[in-house]
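Below you'll find the structure, written out as structure tokens, and then a few comments.
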Amino acid sequence: MNRRPRSAAALGLVIVALLASCSSDPTGGDPGVCAVPPGVAHQLARLPRVAARIARGGPVTIVALGSSSTEGTGASHPSNSYPSRLRAELAGYLTGIDVQVLNRGVGGDTTAAMLARMDHDAIAARPDLVIWQVGSNDVLDGENAGAVETVIEQGISRLRAAGADVVLMDVQYAPAILDREGYSQMQAGIAAAARAGGVPVFPRFDIMRAWDRSGSLPMQSVLYRDRLHLNDLGYHCIAHVLAEDIVAAAR
């Protein structure tokens with residue numbers, strides 16, 4: 001049986017509905033789902049450049065530099081990657097202020113590969129804040145933690161010289177990482193580089209581990225089927241906690 005083609009207006013409504021469903025809140029509208037259990041220190045040190053931008057009424061430019069878990073592998077739609085969710089979360093806190101979160105995640109990148117493209121992909125945007133997700137692919141590739149620590153220190157120095165606030169995001173708490181030797185040394189190296197550079201770490205690993213161990217968000221509930229990347233709920237909750245911390249650090 002032949003069907004009449006839909007009108008352009010009807011097709012537009014269908015597309016809008018599909019996009020809305022892709023970016024729907026996986027928590028069902030309950031922000032308490034993402035609460036970090038007690039005992040995990042995740043508050044960031046003050047972010048002076050972001051604070052100054054907010055005080056002037058914006059705009060605020062954030063670059064999310066990283067690998068596949070920044071790019072959004074495992075999300076059902078690009079709008080559900082953590083940078084996209086972070087922008088939406090910050091918009092809710094910073095009413096009337098234009099906030100841009102630029103996704104500069106490239107799947108498979110090591111920390112050294114990110115340093116190599118830092119000028120083009122991060123500094124060229126003249127960001128107020130760079131969230132640099134590091135370490136996971138280095139663990140998977142068996143890279144030396146001490147060498148990665150040196151690379152991170154170089155990157156922090158370059159970003160701070162450009163005037164940006166910097167937050168490091170450490171490795172993913174996931175079976176694919178926990179199965180590899182060296183993840184604890186990599187975590188220590190990231191922390192040491194942050195101390196040397198005077199920048200905070202957003203402790204993704206500790207937050208996810210606390211969710212899992214408390215049973216509030218078991219690992220299988222926030223991970224994609226590859227046992228490494230986050231799913232929509234995982235990206236949403238990481239972005240939710242990170243947005244709260246950024247806003248608190250910019251006061």
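Every read-out reported here was derived from the displayed coordinates using simple, explicitly stated rules and does not represent laboratory data. Since the model is a prediction, treat every value here as computed from it, not as a measurement. Here Cβ is always computed from backbone atoms with ideal geometry, including for glycine, and neighbour counts include all displayed protein chains.
In summary, the helical segments of the chain meeting the span-like criteria, namely a full DSSP H run, a Cα extent along the axis of 18 angstrom or more and a mean Kyte-Doolittle hydropathy of at least 0.5, are 8-22, 232-249.
State the extension gain, in nm to one decimal, for the chain segment bounded by H77 and T27, taking 0.36 nm per residue of separation less the distance between their alpha-carbons. Intermediate values should be presented prior to the final figure.
Working: separation 50, 0.36 × 50 = 18.00 nm, distance 1.61 nm.
Answer, rounded to one decimal: 16.4 nm.
For the chain, relative contact order (Cα pairs under 8 Å, six or more residues apart, normalised by length) works out to 28 percent. Here each label is just a point 7 Å from Cα along the line to Cβ, and for A147 and R180 those points are 1.4 nm apart.
Once the chain from Q154 to D119 is taken as fully extended at 0.36 nm per residue, the excess over their C-alpha distance is 11.4 nm. Taking R0 as 22 Å, what's the FRET efficiency between A248 and S216 from their Cβ-Cβ distance, rounded to 0.05? Once the sixth-power term is evaluated, E becomes 0.55. For R46 and T95, what is the calculated FRET efficiency with R₀ set at 35 Å and r taken between the beta-carbons, to the nearest 0.05? The pair R46/T95 has a calculated efficiency of 0.95.
Tell me, Kirkwood radius of the chain from alpha-carbon pair distances, in Å? Each step should come with its number before you reach the end.
Numbers: mean 1/r = 0.0535 Å⁻¹.
It is 18.7 Å.
Annotation: amide H of Y224 within the under-5 Å range of H229, L230, N231, sequence separation 5 or more or interchain, hydrogens built in the peptide plane.
Determine the sum of side-chain charges near A243: Lys and Arg each +1, Asp and Glu each -1, restricted to other residues whose C-beta is under 13 angstrom from that of A243. Provide the component values of the computation, followed by the final result.
Numbers: positive: R85, R87; negative: E89, E244, D245.
Summing Lys/Arg as +1 and Asp/Glu as -1 gives -1.
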